[in-house]
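Just so it is clear, none of the values below were taken in a lab; they were calculated from the coordinates. Only a predicted model underlies this, so the values are computations on that prediction, with no experimental measurement involved.
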Amino acid sequence: MAQRKMHDPMDDVAKQAHQGSVAAIIQTLNQRLSDTGIRIRAVFTNGVLQLLCEAALPEQLEQSLVVAQIKQTLEGIAPRNISRVNINSRIVQEQQLLWWEEISRDPENHLLWSQEIILAKPNLFRQLVKRIRNRQKAPSKQSTLSTLSILKRRRNNQFWGGIFSGVSLSLLLMLIGWSLYDRLGLNLNWRAKTPATHSKASSSPMSVNSPQLAPSSLNDPFTEAVKLAQQTVAAGKTAKTAAEWLNLAAKWEHASDLMSRVKPDDQRYQIAQDRVQVYHNNSQAAQKQASRRRLK
C-alpha cells in the first residue's frame, strides 16, 4: 500500500507566487520580513509591481537592507510576467485607506524613500531541474497501488527516463541559446530607450506610473466603500458619546462588507482585499471607544 504524503500549504503559496499572484507574493514577503517589523503591501499596475514597506521606526526601513532582502526574495520566487518592482517606504499610519493614491499624489510628503529594481531572470537550467524535482515529489492521484502496477511503473519510468533525458538536453541547449539572444536584445533595447538625463520630477516612478482606476458608479461597491470610509473618518473627529461610536463601528463594518464584494477580475481587487481587514479593524477600534464611554 502506498502512503499518501502530507500536503504542505506553503507549497501552494510558493506556486501561486511563482505564477504571479500578488496576494501570494505579499504573504511570502511578509513571512520573510516578519522578524524586521516591516509590513508589506502591494499592487500591480502598468506592468510594475508597486510595494509599500511600513514600519514603526525609520531605522527599521534602512533602504539598502530592505531593497536587498526584497530583491533576493523576489528573484527566488521568480514571479512570471513581473520584472520591474518599485519599492516605497513610509512610517506606518493609523488610517490606511488607499495608500497607492496617497503616495501617487504627493510622494515627497508620504514616503521615506522609493527605489525601482529590475529582477534578474531565473537560471534556465535550475528552473528545469526544479520542475523535474517537483514532478517527482508530486503525490500520486491513486491512494493504493498493487505490487504489479508499481513494478510496471518503474519499468516505464526507466524507459521514458532515457527518452526524457535526451529531450531535456536538446531543450536545454535551445533555451540557453534563446536566453542569450533575449538578454542581448533586451539590453540593447533598454540602452536605446533610456534617456541620458532625467529631471527630479520625472525620475519619480509614481508620477509616471499612476494607476488607472475604474470610474465610480452608484452600483460600484469599491466606490461606495471609499465614500463611506471617508465620511466615517470625518464623523470620527467629532464623535463623543457611546452611541455615536457604535454608529461609526457599524459604518466601518458596512464599508468592509462592501469591499469584500469586489470581484476578483476587478483591477482594484487586491486593494479591496487589503481594505476589508483595515475597515474591520477600524470597526473594532470604534467599538472599544464606545465601551470606554459607557464606563465613564
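Of note:
- Considering only alpha-carbon pairs that sit under 8 angstrom and 6 or more positions apart, the relative contact order computed for the range 214-295 is 36 percent.
- Gyration tensor (alpha-carbon) shape descriptor, the range 5-71, a/c threshold 1.5: oblate
- Tensor-based shape of the range 214-295 (alpha-carbon gyration tensor, a/c under 1.5 rounded, otherwise prolate or oblate): prolate
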